[in-house]
């Protein structure tokens, strides 16, 4: 299944609707469905927020496939080169309420829930691949 | 998203319904800001929230920080297993008051 999106804010809703369909059709495990929503919500939000210059129209696609064991995701966008796994500082998980900052948490959710994750830049596209356990 | 509120024993209870993703987190933020104007004791009941992202946690943290600065009280309750996972991953479960149910949340900040 491929979900085609733009860099408009409303793409988050379209992504979630697309994921609902994919999760239902393939009867994904509850936890896998939740992790899939979380990872893609965070990654798409970053691309929409930072991937394109103001006013630029961007295209983003999310390709999904699954079997009994795995959920595999390929997310492509034609925005500025950006490796989310290298260029985002890790959150300080031990800071107390007063000092705690929210930065970096979205990508941290992806790297801590996905079993595999990778980034490459190819043909002027950012390509992020994820593998999640279907459990 | 829809956010209901009620006051019990001097605590303002906020009950959002639906997913808190990066799009709907703004609605929760508006409701939290209104609640912060009205009360310095707030319970966020997440029983009707099946999903929360980092955008939602940002709003939760904002609420916790404001109330801490005012010496107020803040507690959460009603977290599903999936939502609790997100609080644990983020470390928020160590720094916030998370109660089993609404009554326990209210008594934790009374």
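Here, each number is a calculation from the coordinates, and none is a lab measurement. Remember, it's a predicted structure, so these values are computed and weren't measured experimentally. Neighbour counts run over all protein chains shown; Cβ positions are idealised from the backbone, glycine included.
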_With both bridge residues required to lie in segment B:2-108, what share of the DSSP beta bridges run antiparallel, to the nearest 5%?_
40 percent
*Under a 10 Å cutoff between Cα atoms, tell me which one of B:45, B:21, B:34 has the largest fluctuation in the Gaussian network model of chain B.*
B:34
_Cα centroid of segment B:65-96 to Cα centroid of segment B:1-51, whole Å_ = 13 Å
*Rounded to 5, percent antiparallel among DSSP beta bridges of the protein assembly as shown*: 75 percent
*Using a 10 angstrom cutoff on alpha carbons, build the Gaussian network for chain A and name the most mobile of A:30, A:77, A:101.*
A:101
*Tell me, what is the percent relative contact order of segment A:2-133, built from C-alpha pairs under 8 Å that lie six or more residues apart?*
27 percent
*Only helical DSSP H runs with n ≥ 4 go in: add -39500 (n - 2.57) per run for chain B, normalise by residue count and round the 222 nm mean residue ellipticity to 500 deg cm²/dmol.*
-13500 deg cm²/dmol
*Please give the calculated 222 nm ellipticity per residue for chain A, where each DSSP H segment of at least 4 residues contributes -39500 (n - 2.57) and the sum is spread over every residue; nearest 500 deg cm²/dmol?*
-11000 deg cm²/dmol
*asked:* Given N residues in segment A:2-133, what is its alpha carbon radius of gyration divided by 2.2 N^0.38 Å?
replied: 1.06
*Could you work out how far the C-alpha centroid of segment A:68-92 sits from that of segment A:1-39, in angstrom?*
16 Å
_Using Cβ counts within 10 Å as a stand-in for footprinting exposure, how do A:82, B:92 rank, fewest first?_
A:82, B:92
*Expressed as a whole percent, how much of the Cα-Cα distance distribution for the protein assembly as shown exceeds 28 Å?*
34 percent
*Could you state, as a whole-number percent, how many of the C-alpha pairs of chain B are farther apart than 22 Å?*
20 percent
*Among B:59, B:43, which comes first, then next, by fewest other beta-carbon atoms within 10 Å?*
B:59, B:43
